[in-house]
Amino acid sequence: MPRCGCAVCMSADPRDKRTRSSIYVSTPEQAWVIDTGPDFRAQCLRERIDRLDAVVYTHSHTDHMMGFDDLRPYCTAERDLPVYASAETMADLKRVFAFAFTAPVAIPGYVKPHPHMIDGPFELGGIRLTPLPLKHGRAIMNGYLFEYEGRKLAAYLSDCKEVPDAVIERIAEVEALIIDALRYRDHPTHLSVSEALAVAERVKPAATWFTHICHELAHTETEAALPVGTRMAYDGLKLEFR
Ligand SMILES: [Zn+2]
Ligand SMILES: [Zn+2]
Ligand SMILES: [Zn+2]
C-alpha cells in the first residue's frame, strides 16, 4: 500500500509483496488467464508467460481489468484473442477499451479481442468452467469452478461478500478452494478471514487457499493461526493437478 509503513508493507518476506489478484491456468492444450489487473504486464514478465490462448474476466473493477491493453503481445495479425466475460463485464470492457473493440480495421499491434459472452458453462483446453455469480457489494462477480473429467479441481472466488447455498453445493468437496479473505476486520464487499473460514467449513475442500489479501494480514503469522489445510496464497504460487 503506497504511503503505508506497516509491518507487512515493510516486510522482507517476498510472500508479503502482493500484486493484484489473478490466476494463470495451463493445460497441455491451452493456457488462459483469469483477469488482467494493473499488474498484469509485470506478472507476465515475472512468470515468463509466453502462451495465452484466452482471457476470462470475473468482473470489471479496475484491479481486475486495467491491464487489458497489455494483452497486445499475445495478439497477432492472424489471431484474435478470445475474451470471456458476463454481459455486464463485457459492456464495461467495450466502453473502457473501445479503441480495441471498435477499431474499424485491425490496427497492427493493438489488442484484437474476440468477445464471448458467458451465459453458462464453457470449455477451455479440456477444462469445463462453470460461472458462479456472487454478490460483491453492489456488483456481481463471476467465480469459476474448474472441472476435468468430472473431477472438481478448483473453485476461484476472488471477490465476494456472500456465497449462497447453491454455489456451496455446486463446489462441495472441490480439490482446491481459492477464496477471498481480505482481512480480519469486516468489509462491506469482501469476505473477512472468519467469513471465508465459515464458507470453507461448508464446502469441505481438500485444501483452502486465501487470496485477495490486504496488507493487514502478514503471511507467516496469519497462516500459523489458520486451521490445518487452510493456507495463504502468494504471488507466484503454483498448484498442480495430476
Ligand atoms: Zn501497510
Ligand atoms: Zn472487485
Ligand atoms: Zn478485486
Is there any pair linking a residue in the range 123-137 that is without any contact (Cβ under 8 Å) to a residue 24 or more places away in the chain to one that is in a strand (DSSP E or B), with Cβ under 9 Å and at least six apart or on different chains, and which? GLU123/LEU129; ARG128/PHE122; ARG128/LEU145; ARG128/PHE146; ARG128/GLU147; ARG128/TYR148
So, of the residues in the range 208-229 that are of a type in the set (S, T, N, Q) and under 18 Å from the mean Cα position of the chain (by Cα), which turns out to be surrounded by the most Cβ atoms within 10 Å (Cβ to Cβ)? THR208
Tally, over the range 138-159, of residues that are within 14 Å of VAL203 (Cα to Cα), within 16 Å of ligand 2 (Cβ to nearest atom) and in contact (Cβ under 8 Å) with a residue 60 or more places away in the chain: 1
Can SER11 be described as within 22 Å of PHE146 (Cβ to Cβ) and not basic (Lys, Arg)? no
Residues satisfying the stated conditions in the range 25-42, i.e. in contact (Cβ under 8 Å) with a residue 24 or more places away in the chain, crowded, with 17+ Cβ neighbours inside 10 Å and in contact with a strand residue (DSSP E or B) (Cβ under 9 Å, 6 or more places away or on another chain): VAL25, GLN30, ALA31, TRP32, ILE34, ASP35, THR36, PHE40
Can you name the condition, by its number, that PRO121 falls short on among (1) over 26 Å from ARG48 (Cα atoms); (2) crowded, with 20+ Cβ neighbours inside 10 Å? (2)
Which one of these is closer than 26 Å to ALA218 by Cα and basic (Lys, Arg): ARG128, ARG183, ARG138? ARG183
Within the range 69-103, work out how many residues are in a loop (DSSP other than H, G, I, E, B) and either closer than 24 Å to GLY125 by Cβ or modelled with pLDDT under 95 (or both). 7
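The values are calculated or read from the model by the stated rules, or taken from the named source; none is laboratory data. Remember, it's a predicted structure, so these values are computed and weren't measured experimentally. Every residue, glycine as well, gets a Cβ built from its backbone with ideal geometry; the counts of neighbours run over all protein chains shown.
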